[in-house]
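The values are calculated or read from the model by the stated rules, or taken from the named source; none is laboratory data. Fair warning: this is a prediction, and the values are worked out from it, not measured in the lab. Glycine gets a Cβ as well: all are built from the backbone with ideal geometry, and neighbour counts include every protein chain shown.
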Amino acid sequence: MKVTWEEYKNLVTEDIKSRSQYIYRGQSNSSWMLQTSIHRTKQVRTFEDFKAYFVFVIPQIQEQVEAWDGKNRDLSDPIEMAQFIAFLQHNGFPTPLLDWSFSPYVAAYFAFEGVNHFEPVSEEVALYSFDQNQWMNTFKQIYQYDDENEGHVTILRPTFRNNHKQMLQQGIFWFTNCADPEAHVRLNETKERTFLKKYTLSVKERSNVMLDLELMGVTAMQLAPGIESVCKKAFESICNKFPVGETPLDRSVNQGGGSGSNDFLVEAERVENTRAYINCPECNIKLNPKNLKKHLKSQHNNKC
């Protein structure tokens with residue numbers, strides 16, 4: 001669903017009022033699938049690969065982390081394993097976890113923070129809301145990595161101990177052995193029962209969104225304190241004083257120099273899946289990319 005920032009705020013306000021404890025995730029490119037960082041490596045393709053990650057890879061990284069922080073973890077304890085995997089997730093190591101937040105505004109921060117302010121590489125960001133309570137009450141939650149269930153999406157909320165980022169970001173996770181957990185969720189939805197909603201917002205709203213979030217206290221400094229975040233927040237504040245740069249669609253149109261409708265047809269097909277909108281080059285009417293070709297043929301006698 002394509003929405004504006006103001007519409008998004010109204011929608012999540014209703015979520016909050018419902019007391020349903022929805023969780024939220026933001027991604028800076030609306031065309032990206034929901035996928036864990038370990039599955040994005042393309043090295044975990046089978047159940048055996050998934051199990052090998054825990055049996056062989058995790059002990060190696062555990063040794064190196066404990067050499068640094070001096071802690072002694074018993075990963076045979078499922079609670080300590082969950083804490084450690086969440087720790088790795090928030091410190092850049094690939095895991096089978098997908099970050100979510102109880103805060104729709106933390107999710108919005110991560111969606112727009114990842115946009116290159118001066119040269120965006122996408123037209124829209126994506127924000128997801130997930131009805132975690134309904135999901136947990138409907139499907140078995142599997143916390144053992146060696147469970148041979150064909151596929152699962154499990155809600156995981158380890159303790160915040162030793163992971164201040166999880167606490168500050170109001171973090172919660174999907175734990176999954178699915179390469180495409182979004183498809184797994186969608187396959188279990190019906191017309192009467194939905195769990196996952198996806199909202200898309202134009203990257204052009206970045207300045208307004210980031211300024212709003214800054215006034216709410218949702219910045220890099222609050223979510224991941226440190227000197228790097230001080231510098232990041234300072235840069236974000238500077239960026240907010242400037243308009244967002246041209247999107248790929250803007251650049252394509254400008255480079256085409258108004259050379260005709262065919263360029264717009266090509267661009268319409270390219271962005272069709274993002275559900276962006278395009279102005280007709282002939283009459284400037286705003287159209288969904290899916291309808292642009294039909295409009296040009298019927299209204300402007302374009303034969304392409």
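Looking at the stretch 165-188 only, could you name the residues that are under 21 Å from residue 31 (Cα atoms) and surrounded by fewer than 17 Cβ atoms within 10 Å (Cβ to Cβ)?
180, 183, 186, 187
I want to confirm something. Restricting to the stretch 93-124 and keeping residues that are in contact with a helix residue (DSSP H, G or I) (Cβ under 8 Å, 6 or more places away or on another chain) and of a type in the set (Asp, Glu), which single residue is nearest to residue 22 (Cα to Cα)?
So in the stretch 93-124, the residues in contact with a helix residue (DSSP H, G or I) (Cβ under 8 Å, 6 or more places away or on another chain) come out as 93-101, 104-106, 108-109, 112-113, 115, 117-118, 120-124.
Cutting the leftovers down to of a type in the set (Asp, Glu) gives us 99, 113, 123-124.
Values: 99: 14, 113: 22, 123: 26, 124: 22 Å.
Residue satisfying both the conditions and the ranking: 99.
Exactly one condition in (1) at pLDDT 95 or above; (2) over 11 Å from residue 199 (Cα atoms) is not met by residue 18; state its number.
Single failed check for residue 18: (1).
Which of the residues that make up the stretch 149-164 are surrounded by fewer than 18 Cβ atoms within 10 Å (Cβ to Cβ) and within 24 Å of residue 54 (Cβ to Cβ)?
To start, the set of residues in the stretch 149-164 that are surrounded by fewer than 18 Cβ atoms within 10 Å (Cβ to Cβ) comprises 149-151, 157, 159-162, 164.
Selection gives 149, 150, 151, 157, 159, 160, 161, 162.
Give the residue that is surrounded by the fewest Cβ atoms within 10 Å (Cβ to Cβ), with candidates limited to residues of the stretch 212-243 that are under 20 Å from the mean Cα position of the chain (by Cα) and not in a helix (DSSP H, G or I).
Among residues in the stretch 212-243 that are under 20 Å from the mean Cα position of the chain (by Cα) and not in a helix (DSSP H, G or I), the one surrounded by the fewest Cβ atoms within 10 Å (Cβ to Cβ) is 224.
Just checking, how many residues over the stretch 213-231 are in contact with a helix residue (DSSP H, G or I) (Cβ under 7 Å, 6 or more places away or on another chain) and in contact (Cβ under 8 Å) with a residue 40 or more places away in the chain?
Residues meeting the conditions: 8.
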